[in-house]
Amino acid sequence: MLGALRASDDAAHDAPRLLSSVSIDKAEAPYYEDVGGVRLYYGVPGLAGGHLKTEQSYFDRFWEYRQGQDTERFYMVLSRGQ
């Protein structure tokens, strides 16, 4: 769904797009995969991903409680389309 809303690289494309996937320096986020034109990063987002500090959400704590140490985290960094 997000891939359909992403900004187009085609200048002739008339329809305005809502978002663009942001590339993070490989040193900051070495593991990622492009899915439908949107970059999906593996791990915990840091400063380059828009987070000033590492914080654990309610969902993170709940997941850790339910699943033990076998947890994986993925995130996206998106910007408004032009």
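Read the figures in this text as sums done on the coordinates, not as results from a lab. Keep in mind it's a predicted model, so treat the numbers as computed, not measured.
Once amide H atoms are built 1.01 Å from N in the peptide plane, which residues 5 or more positions from residue 35, or in another chain, come under 5 Å H to H?
40
For residue 18 and residue 73 in one chain, what is 0.36 nm times their gap in residues minus the Cα-Cα distance, to one decimal in nm?
Extending this stretch completely gives an extra 17.3 nm.
Once amide H atoms are built 1.01 Å from N in the peptide plane, which residues 5 or more positions from residue 51, or in another chain, come under 5 Å H to H?
Here 46 satisfy the definition.
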